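Presented below is the structure to which this report refers.
The values are calculated or read from the model by the stated rules, or taken from the named source; none is laboratory data. Nothing here was measured: the structure is a model prediction, and the numbers come from that model. Quick reminder, even Gly has a Cβ in these numbers, built from the backbone with ideal geometry, and neighbours come from all protein chains shown. Surface areas here come from the heavy atoms of the whole protein model, side chains and all, with no ligands, DNA or RNA. Shrake-Rupley method; radii C 1.70, N 1.55, O 1.52, S 1.80 Å.
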Amino acid sequence: MLVTDSQQVSAWRVVRDVVETGSPAERAAVLAEQSRLIRRSVLAMIGRAQAGHIGGDFSVTDVLATLYFGVLRIDPARPDAPVRDRFILSKGHCAASLYSTLAFSGYFDPAALDTFMGPHSPLNGHPNRVKVPGVETNTGPLGHGLPVAVGEALGARLLGHDSRVFVVCGDGEMQEGSNWEALMSAAHYRLANLTLVIDRNRLQQGDRTEETNALDPLADKLAAFGWEVREVDGHDHTALLAAFAPAAGTRPVAVIANTIKGRGVSFIEDRVEWHHKVPSPDQIALALKELA
Amino acid sequence: MTLAEAATAATYDNRAAFADELIERARADERVVAVCNDSVGSSNLVAFRQEFPDRLINVGIAEQNMVGVGAGLAAAGLIPFVCAAGPFLTGRALEQVKADVVYSAHNVILCGMSPGMAYGELGPTHHSVEDLSWLRALPGLDIVVPADRHQTRQAVRQAAADPRPTYIRVGRYKVPDVTAPGDRLERGRFQLAREGADVTLIGAGTLVSRTLAAADLLAADGIEARVLNAAYIAPLDVEAIRAAAQTGAIVTAEEANISGGLGAAVALTVAAQGGGPVVRTLGLSDFAPTGSTDMLLEYFGLTAPAIAAAAREALAV
């Protein structure tokens with residue numbers, strides 16, 4: 001049973017304060033540092049488990065760090081507070097990155113990360129809300145997070161809560177038809193409290209997205225579906241903070257975060273084979289040096 | 001219920017009771033909402049929409065999104081009744097039912113409207129006869145198959161008060177009352193509809209009145225049949241099944257494919273304990289030909305005389 005780690009919550013608050021009150025440079029620096037720590041943690045977890053999805057973990061890291069340490073109105077000491085911002089990692093295979101972010105935010109003791117994918121660990125290869133505080137819904141099969149996020153955004157409105165709902169989908173995941181049902185729905189209901197972040201690393205498991213089932217012009221498609229579209233460098237924390245600002249009008253917001261799969265480690269970056277390849281001990285040592 | 005009574009009894013479309021009770025629940029608890037797939041009419045939600053326009057979420061013809069939205073509403077703290085014709089709710093959105101609702105343990109009430117072969121001539125695409133097989137494979141999902149309007153009302157009331165995910169089959173094919181309004185629908189229990197020790201007939205939904213009539217036919221031959229109303233398929237009433245295994249034979253009858261529904265569950269339970277009697281499972285084993293619901297029930301041997309014949313055969317008398 002994972003429970004709040006109060007020491008870690010205090011550390012999270014310190015970072016959060018800097019993001020909220022510090023200078024732009026200080027803000028960018030602390031978020032970059034959290035991203036570095038998450039990437040190092042992911043490396044260790046995958047090395048230990050001998051399994052995981054390192055490429056996608058690294059492409060989404062800066063988005064997760066920015067959301068948890070700079071944007072989401074949450075209290076990791078009270079994961080079930082009825083009024084809270086919600087986050088769903090629809091690309092659930094990047095659980096290592098999410099677990100690290102949740103642990104560093106204080107949802108549970110980071111020591112538990114050592115059990116990732118071990119026998120009977122709560123930290124399954126894909127996130128489980130019943131076992132992991134901070135996880136809002138179980139993900140793993142692709143194309144599920146966005147419809148659930150639409151329901152959460154509608155629910156918040158019906159209950160009169162000013163909660164915002166964030167969901168991260170992989171770009172390859174946007175090939176799932178259920179996402180396009182949900183895109184229509186969110187626009188129809190004018191869910192300005194909903195933000196979809198697309199981790200646009202341009203690679204899917206087997207090939208480049210554009211060679212498999214082309215998504216471009218993605219921004220135009222999202223705009224045509226009635227969304228307010230923002231396109232940013234998904235590794236620029238300052239740009240991400242700006243992109244995660246509330247909707248300008250009544251439309252839901254789609255942030256296309258242009259990222260590099262495997263970002264942060266030179267030999268892993270933008271290579272299709274690193275979707276779920278496990279680094280050797282030597283490669284881990286090399287990677288840790290790059291992330292020092 | 002005798003055959004003669006069955007022929008003259010008043011019959012009811014369970015959707016009316018469903019709609020009435022849902023409105024009552026919505027009046028009592030503002031967290032109750034309805035979600036549907038362009039099925040406001042066929043899910044009998046017109047009156048609900050009139051009274052609670054903001055609490056009826058019609059996502060259009062998009063069942064995967066519909067079930068995901070239901071899970072999200074539950075996650076936000078609401079009590080969503082997700083309503084769609086059975087085949088599309090359970091077939092098209094099966095992975096959403098599995099991952100977003102049941103595995104995620106979100107309090108969603110899945111309402112499979114017009115189940116079984118209620119859509120008769122529209123054919124197998126519109127028949128919901130695989131739902132029980134598919135859903136029984138999901139641990140933690142309550143599966144309710146009300147036999148009449150009273151049980152339908154109670155199923156809705158209980159689901160609204162229970163935090164577990166639930167699937168309710170909401171019948172369209174008209175059925176007579178087989179319970180009284182005051183009879184309690186107990187979670188995980190078969191209801192004893194008729195006492196008897198020679199053979200046990202276990203019916204679900206539309207088949208309960210027919211198994212009662214079959215028991216009447218058997219009584220004329222001096223065979224006393226126990227009749228169980230399997231309103232809950234999950235959790236399964238293992239105790240009642242073990243007791244039924246003490247009678248001379250068991251016959252199950254359901255408007256569903258026999259590969260994994262009630263009959264399979266009963267047979268598995270009896271076989272697991274060993275030394276049990278013959279178990280005959282009546283239901284579908286093929287896609288239906290073109291025909292009305294009445295004709296198809298007859299075609300698949302789901303009538304009182306056919307159930308009685310199966311019991312006689314099982315008893316080898």
Gap separating the Cα centres of segment B:186-237 and segment A:8-53, nearest whole Å
62
Return, for the Cα atoms of segment A:98-201, the radius of gyration and Dmax in Å, separated by a comma.
15.2, 44
Any chance you could give the angle, 0 to 90 degrees and rounded to 10, that helix B:262-273 forms with the longest Cα principal axis of chain B?
60
Give me the net charge of B:V101's neighbourhood, meaning all other residues with Cβ under 11 Å from the Cβ of B:V101; Lys, Arg count +1, Asp, Glu -1.
0
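Restricting to bridges with both residues inside the protein assembly as shown, how much of the DSSP beta-bridge set is antiparallel, in percent to the nearest 5?
Details: 9 of 67 bridges.
Percent antiparallel among DSSP bridges in the protein assembly as shown is about 15.
Summing Lys, Arg as +1 and Asp, Glu as -1, what charge do residues with Cβ under 10 Å from the Cβ of B:A249 carry, B:A249 excluded? Could you put the intermediate results ahead of the total?
Working: positive: B:R280, B:R312; negative: B:D198, B:E313.
For residues surrounding B:A249, the net value is 0.
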With each run of n ≥ 4 DSSP H residues scored as -39500 (n - 2.57), what mean residue ellipticity at 222 nm is computed for the protein assembly as shown after dividing by its residue count and rounding to the nearest 500 deg cm²/dmol?
-11500 deg cm²/dmol
Quick one: accessible area per residue over the protein assembly as shown, 1.4 Å probe, rounded to a whole number of Å²?
37
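For segment A:122-202, what does the relative contact order come out to in percent, with C-alpha contacts under 8 Å and a separation of six or more?
On the way: 102 pairs, mean separation 24.4, N = 81.
RCO, segment A:122-202: 30 percent.
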Calculated FRET efficiency, B:A47 and B:T8, Cβ-Cβ r, R0 45 Å, to nearest 0.05?
0.90
Segment B:5-75 - Kirkwood radius from inverse mean 1/r over Cα pairs (Å)
13.3
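Give me the dipole magnitude in Debye, nearest 20, for the protein assembly as shown about the Cα centre, with unit charges on the beta carbon: positive for Lys and Arg, negative for Asp and Glu.
Values: 53 positive and 69 negative charges, 182 e Å.
Dipole magnitude for the protein assembly as shown comes out near 880 debye.
So what is the relative contact order of segment B:185-316, in percent, for Cα pairs below 8 Å that sit 6 or more residues apart?
Numbers: 267 pairs, mean separation 38.0, N = 132.
Answer for segment B:185-316 is 29 percent.
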Between segment A:141-216 and segment B:57-96, what is the separation of their alpha carbon centroids in Å?
16
Under 8 Å for C-alpha pairs, at least 6 residues apart: give me the relative contact order for chain B, rounded to a whole percent.
18
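Near A:R164, within a Cβ-to-Cβ distance under 12 Å, what is the net charge of the other residues, with Lys and Arg +1 and Asp and Glu -1? The partial results should precede the final answer.
On the way: positive: A:R73, A:R84, A:R86, A:R157; negative: A:D85, A:E152, A:D162.
The answer is +1.
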So what's the gap between the Cα centers of segment B:245-317 and segment A:242-288, to the nearest angstrom?
55
Kyte-Doolittle mean at least -0.5 and Cα axial length at least 18 Å: DSSP H helices in chain A:
A:6-21, A:24-49, A:54-66, A:145-158
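Averaged over A:173-181, how many beta carbons belonging to a partner chain fall within 10 Å of each residue's beta carbon? Don't skip to the answer; put the middle values down first.
On the way: counts 0, 0, 0, 1, 3, 9, 3, 2, 10.
Average per residue, whole number: 3.
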Computed over chain B: longest principal axis from alpha-carbon atoms vs helix B:14-28 long axis, angle to nearest 10 degrees, is 40
Relative packing of A:88-101, A:112-125, B:298-311, B:187-200, which averages over residues the other C-beta atoms within 10 Å, highest first:
A:88-101, B:298-311, B:187-200, A:112-125
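How large, in percent, is the carbon and sulfur part of the accessible surface of chain A at a probe radius of 1.4 Å?
Values: 5820 of 10940 Å².
C and S fraction of accessible area: 53 percent.
Roughly speaking, what % of Cα-Cα pairs in segment B:277-317 are separated by over 15 Å, rounded to a whole number? Working shown, then result.
Values: 360 of 820 pairs.
Of all Cα-Cα distances in segment B:277-317, 44 percent exceed 15 Å.
Got a number for carbon plus sulfur as a percent of chain B's accessible area, 1.4 Å probe? It would help to have the intermediate numbers written out before the result.
Numbers: 5750 of 11390 Å².
Here carbon and sulfur together make up 50 percent of the probe-accessible area.
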In peptide B:92-100, what is the residue-averaged number of other protein chain Cβ atoms found within 10 Å of each Cβ?
4
DSSP beta bridges in chain A, what fraction antiparallel, as a percent rounded to 5?
5
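If one takes the accessible area of chain B alone plus chain A alone and subtracts that of the pair, with a 1.4 Å probe, what total in Å², rounded to the nearest 100, results? Don't skip to the end; give the middle numbers.
On the way: alone 12370 and 12000 Å², together 22330 Å².
By this definition, chains B and A bury close to 2000 Å².
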